[in-house]
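The structure appears right after this line, and notes come after that.
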Amino acid sequence: MLDINRRHFLKVVASAGAAVTVSTALGGCSSLVRADNADTVDFTHGVASGDPTTNALMLWTRAVPKNNAKPVITLGWEVARDPSFSDIIRSGTATTSARRDYTVKVDVQQLPAGMSLYYRFVGHDQYSPIGEGATLPQQGIDSIRLGVFSCSNYPAGFFNPYHHASQDDTIDFVLHLGDYIYEYGAGGYGYDDAERIGRTFPDNNNKEIVSLDDYRRRYALYRTDEGLKALHATKSFIVVWDDHEIANDTYKDGAQNHQPDTEGDFYQRRAAAIQAYYEWMPIRPPQGDASLQIYRSFELGDLANLIMLDTRIIGRDKQLAYADFTDASTGEFDSQGFQAAMQSDRSILGKKQLQWLVNQLAQSNARWQILGQQLLMARMNFPAAIIGSKDRSTIANKLLKAAQLKQARANGQQLTEQQQRYIDTVTPYNLDAWDGYAMEREVLFQQVKQMGKKIVVLAGDTHNAWHNHLTTHTGEQIGVEFGTSSVSSPGMETYLGLDDATAKKLAQALPTVIKDLQYTNLHERGYMVTQISKDAIDNEWRFVDTIKSKDYQLSGTHRAQFRG
Ligand SMILES: [Fe+2]
């Protein structure tokens, strides 16, 4: 079976069409390109840039021909020091075709380090919008600021957090930690307000996306959002995928939201999803478009080694689920079986990526080791009795009660044996996160400890904001975790059915219940700005007051510092 599936994967990837243009040329004359060679096109989805190095940057656009007769479309491109393009430092030509959905990617080389630049594409008689981007700095910079995002769901709301960051000139680069799109159809997750706010799916893309065309159309829809377009046009992105770029709760051989009976072969779907991702995102896949490998690293001067991980696709063993250890008729939980499974040799990164990560950490002399990845890495334990709650609307009150009991005990009050057991018998609340792969997490943490290093983990996926300590099983802190809220996906407040006041109360109480938790926000959408400097990492969570309208305000911020 596997061989056939692999063949499917190769077949789909092999048909991806014209390759990325790699430019090493130092000159070129764009006016000639425009007059003689370039085709007449519509730049339908703006411009984007990404995967900066100290001397290269990927440029992206989409150029749909006005005359469909030509199989291959030729364009010019220009990189300049100034927005009026009087000082063009690189230019050249690129091609595209229907085989890559008319997306264009140019890997511009031999650029100066630490440079802010302007770029545009050139058609026969028109220019694309102008984009701003940057290369990575060399040694000796004082600080660098990253805008950190995850989880944008189109029907759930306007991407105001993207828009807000596009207006902030102090943000140097954008990190996107995945769930850039969602695969669901009309009426699915996040769709409750879609009609009211005018964010419904078009007729040709309103089912769950499965085929290459489906995924391409979904990216095309998301890229019509003004906030996202503005952010791509103003900042260079560094991206990784999470699960929804393929299907909910993806792992290496399947996904919770993939049904082979009705949706076909998983590997074929995954290949289609990845092909569309590489076409539409301004990323330089480290092993090329035909490889699943997205994990890679970036040196941010001598300040930080930014390590981007794939916890989803390349090596993840299937998630455990409490339901799999619960007897459906009696409701009895097989605690021994569950513990045995948790302690087995299950992987979230895959052995090869884990080894690569450990080597990265060992070999880097940068001041900070920053892990950009999808899921919460910290230990997030709840009282086990609450996890089993059938009625989700009761969970908030139970957590508030647990916090009260723990506080009372901390204040010296005597609890009954039953109360003690209730708050001390804890279990991870999300087995899809690193908590479900606790053995591998401990292997990583022990390596970090032995190296005498501290890690800074940036996480997405949960749709809420978190600040956690990262601790070994004996409680030694080996790092810190900053989790960003979602751009627009509904969070815990929706899942548990909380009004704002209760969500705030619960957010205040949760650090008492969850040992390593320092702060959370459970009800507002937003993003983070992570400032890296020699002395400290300063993290700011920013929240917007609404995503249901394009008129929004910043509703609040929260700050935390880590000094290593
Ligand atoms: Fe998400």
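A few notes on this one:
- In a simple Cβ point-charge model (Lys, Arg +1; Asp, Glu -1; nothing else charged), the range 420-467 has a dipole of about 300 debye relative to its Cα centre.
- Residues whose amide H falls under 5 Å from that of Trp368, counting only those 5 or more places apart or on a different chain, are Ala304, Asn305, with hydrogens built in the peptide plane.
- Alpha-carbon centroids, the range 396-473 and the range 152-166: separation in whole Å: 30 Å
- Centre-to-centre separation between the Cα atoms of the range 283-321 and those of the range 481-505: 27 Å.
- Alpha carbon centroid spacing (whole Å) that separates the range 512-537 from the range 35-71: 37 Å
- Cα Rg, Dmax (largest Cα-Cα span) when computed across the chain, Å: 24.0, 86
- Note on surface exposure: Lys548, Lys504 rank Lys504, Lys548 by accessible area, highest first, 1.4 Å probe.
- Residues with amide H under 5 Å from that of Ile455, placed H, sequence gap 5 or more: Gly479, Val480
- Three-way shape label, the range 346-421, alpha-carbon gyration tensor, a/c 1.5: prolate
- A simple packing score, the average count of other Cβ atoms within 10 Å per residue, orders the peptides 382-395, 528-541 as 528-541, 382-395, with the highest score first.
- Of all DSSP beta bridges in the chain, antiparallel share, percent nearest 5: 75 percent
- Only helices enter this figure: runs of n ≥ 4 DSSP H residues, each worth -39500 (n - 2.57), summed and divided by the residues of the chain, yield -7500 deg cm²/dmol at 222 nm to the nearest 500.
- The range 253-327: trypsin sites (Lys or Arg not before Pro) in DSSP coil with no more than 16 other Cβ atoms inside 10 Å: Lys318
- Packing-based order for 398-405, 463-470, 196-203, using average beta carbon neighbours within 10 Å, highest first: 463-470, 398-405, 196-203
- Projecting the Cα positions of Met58, Phe382, Ser211 onto the charge dipole of the chain (unit charges on Cβ atoms of Lys, Arg, Asp and Glu, taken about the Cα centre) puts Met58 furthest along the positive direction.
- Sorted peptide list for 447-455, 482-490, 40-48, 414-422, criterion being average Cβ within 10 angstrom, highest first: 482-490, 40-48, 447-455, 414-422
- Contour excess over end-to-end distance, with Cα ends at Arg99 and Val443 and 0.36 nm allotted per residue: 119.5 nm
- Legend: distances between Cα atoms for Lys229/Lys504; Lys504/Lys534; Lys406/Lys534; Lys351/Lys449; Lys351/Lys454; pairs beyond 26 Å are Lys229/Lys504; Lys504/Lys534; Lys406/Lys534.
- Applying 1/(1 + (r/R0)^6) with r as the Cβ-Cβ distance of Lys70 and Val358 and R0 = 35 angstrom yields a FRET efficiency of 0.10.
- Whole-number accessible area per residue in Å² for the chain, which is evaluated in the context of all protein chains at 1.4 Å: 40 Å²
- Bridge type composition, the range 424-527 - antiparallel percent by DSSP, nearest 5: 65 percent
- For the range 84-209, the C-alpha radius of gyration divided by 2.2 N^0.38 Å, with N the number of residues, is 1.36.
- Accessible area of the chain belonging to carbon and sulfur atoms, whole % at 1.4 Å probe: 47 percent
The values are calculated or read from the model by the stated rules, or taken from the named source; none is laboratory data. Just so it is clear, the model here is predicted, and its values are computed rather than measured. Ideal geometry is used to build each Cβ from the backbone, glycine not excepted, and the neighbour counts take in all protein chains shown. Calculation scope for accessible area: heavy atoms of the full protein, side chains included, ligands and nucleic acids excluded. Shrake-Rupley method; radii C 1.70, N 1.55, O 1.52, S 1.80 Å.
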